[in-house]
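The values are calculated or read from the model by the stated rules, or taken from the named source; none is laboratory data. Remember, it's a predicted structure, so these values are computed and weren't measured experimentally. For neighbour counting, all protein chains shown are included, and Cβ atoms are generated from backbone atoms with ideal geometry for every residue, glycine included. With ligands, DNA and RNA removed, areas are computed over all heavy atoms of the protein, side chains included. Shrake-Rupley method; radii C 1.70, N 1.55, O 1.52, S 1.80 Å.
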Amino acid sequence: MSYIDKMGMFAAIVMPLFNIPLIIRIIKRKSSEDISLLWAIGVWVCIILMAPSGIKSDDMVFRTFNISNVCLFTLVVIIAIKYRRSKNG
């Protein structure tokens, strides 16, 4: 594995981890009001639609990023929906 591949693999693993602070913030505040559900679900749908291509890819960096991103962004969407407060209280 070349230096560029190692750097890409590191980024593929680390980048989706930046979803964790968002998840923690939603849980601590007990609200996801400042996050657009349309945006979150739209991004999630695109990630899910790309997943088959990423999983069957021969590129290990893309495959690793795809799998970790699907897992962690799915968690973001679940938490955002769970902590969405109704407008009526």
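Summary table below
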item: Residues of the stretch 12-47 that turn out to be part of a helix (DSSP H, G or I) and surrounded by 13 or more Cβ atoms within 10 Å (Cβ to Cβ), as a count; result: 16
item: Selection count where residues are of a type outside the set (Ser, Thr, Tyr) and either within 17 Å of Arg84 (Cα to Cα) or surrounded by 13 or more Cβ atoms within 10 Å (Cβ to Cβ) (or both), scope the stretch 49-68; result: 11
item: Inter-residue pairs, beta-carbon under 7 Å, first more than 19 Å from Asn66 (Cα to Cα) and in the stretch 12-31, second open to solvent by 90 Å² or more (accessible area, probe 1.4 Å) and at pLDDT below 95, 6+ apart; result: Ser31/Arg85
item: Unique residue being in contact with a helix residue (DSSP H, G or I) (Cβ under 9 Å, 6 or more places away or on another chain) and modelled with pLDDT of 95 or more when the list is Ile23, Ile35; result: Ile23
